[in-house]
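Right, one structure below, let's go through it.
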Amino acid sequence: MSGHSKWATTKHKKAAIDAKRGKLFAKLIKNIEVAARTGGGDPAGNPTLYDAIQKAKKSSVPNDNIDRAVKRGSGLEAGGADYQTIMYEGYAPGGVALLIECLTDNRNRAAGEVRTALQDAGLDYESAEASFVPSMTVPVDKDGANKVFRLIEALEDSDDVQNVFGNFDVSDEVLAQLA
């Protein structure tokens, strides 16, 4: 045996999967808190909360975490944060426009994380009003699609970023090459 451990490999893979799962759980819990704060803690009378809870359950978020998030959001338990929705507009390589939706309790942190992801990609940013359906799409080649997907992944790694919308169009052939 040359010093390689099967457990070490498994441990590293599990740590990466657990980190991604934790980020997803944090986003889903944040959505539940906001829905409970804006519409009340009763899922029967708050369809937004009901939807957020169903999404969390579908992603296997523990029921205890869901219950605590509803209580924090509705004010029955201390510790809830004041989340705000912020929209940013940016541009990816090839002129692809991105609309970045953030849900955060700290506007400065969210702006910094979005700005850093866009500057690391060598791009400028500006705040803008939201338009979710592009009126024009931008076709991208394999290299451009790869860069756009990396940028979107970097943006979605932020705990504050909820959604990223783009007007890029990737052909089936290019998607097959990237897979």
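Kindly evaluate Arg115 against the criterion of being assigned by TED's automatic domain parsing to the domain that holds Val138 and under 30 Å from Ser135 (Cβ atoms). Please lay out each step first, then the result.
On the way: assigned by TED's automatic domain parsing to the domain that holds Val138: yes; under 30 Å from Ser135 (Cβ atoms): yes.
The answer is yes for Arg115.
Going by what's in this entry, would Glu101 be described as closer than 18 Å to Asn167 by Cα, in contact with a strand residue (DSSP E or B) (Cβ under 8 Å, 6 or more places away or on another chain) and either acidic (Asp, Glu) or modelled with pLDDT of 85 or more (or both)? I'd like the intermediate steps shown before the answer.
Details: closer than 18 Å to Asn167 by Cα: yes; in contact with a strand residue (DSSP E or B) (Cβ under 8 Å, 6 or more places away or on another chain): yes; either acidic (Asp, Glu) or modelled with pLDDT of 85 or more (or both): yes.
Against the criterion (closer than 18 Å to Asn167 by Cα, in contact with a strand residue (DSSP E or B) (Cβ under 8 Å, 6 or more places away or on another chain) and either acidic (Asp, Glu) or modelled with pLDDT of 85 or more (or both)), Glu101 qualifies.
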Item to check | Where Lys58 falls short, out of the listed (1) under 22 Å from the mean Cα position of the chain (by Cα); (2) surrounded by 12 or more Cβ atoms within 10 Å (Cβ to Cβ) | outcome: (2)
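So for the range 21-41 (the condition being closer than 22 Å to Ser158 by Cβ, free of Cβ contacts under 8 Å to residues at least 40 places away in the same chain, not in a helix (DSSP H, G or I) and not acidic (Asp, Glu)), does at least one residue qualify?
Within the range 21-41, the first condition is being closer than 22 Å to Ser158 by Cβ, and the residues that meet it are 21-35, 37.
If we keep only those that are free of Cβ contacts under 8 Å to residues at least 40 places away in the same chain too, we end up with 21-22, 24, 28, 35.
The next check asks that each one be not in a helix (DSSP H, G or I); those that pass are none.
Within the range 21-41 (the criterion being closer than 22 Å to Ser158 by Cβ, free of Cβ contacts under 8 Å to residues at least 40 places away in the same chain, not in a helix (DSSP H, G or I) and not acidic (Asp, Glu)), the answer is no, since none of the residues qualifies.
Have a look at Ser74, Ser59 and point out the one that is at pLDDT 85 or above and among the hydroxyl-bearing types (Ser, Thr, Tyr).
Values: Ser74 fails: at pLDDT 85 or above.
Answer to the selection: Ser59.
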Checklist entry - Looking only at the range 104-128, which residues are surrounded by fewer than 16 Cβ atoms within 10 Å (Cβ to Cβ), of a type in the set (Gly, Ala, Ser) and either modelled with pLDDT under 85 or within 17 Å of Asn163 (Cβ to Cβ) (or both)? => result Gly122, Ser127, Ala128
Checklist outcome for this item: Apart from one, (1) more than 20 Å from Asp82 (Cα to Cα); (2) within 17 Å of the chain's Cα centre (by Cα) all hold for Glu33; the odd one out is (1)
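The values are calculated or read from the model by the stated rules, or taken from the named source; none is laboratory data. These numbers come from a predicted model, not from an experiment. Neighbour counts run over all protein chains shown; Cβ positions are idealised from the backbone, glycine included.
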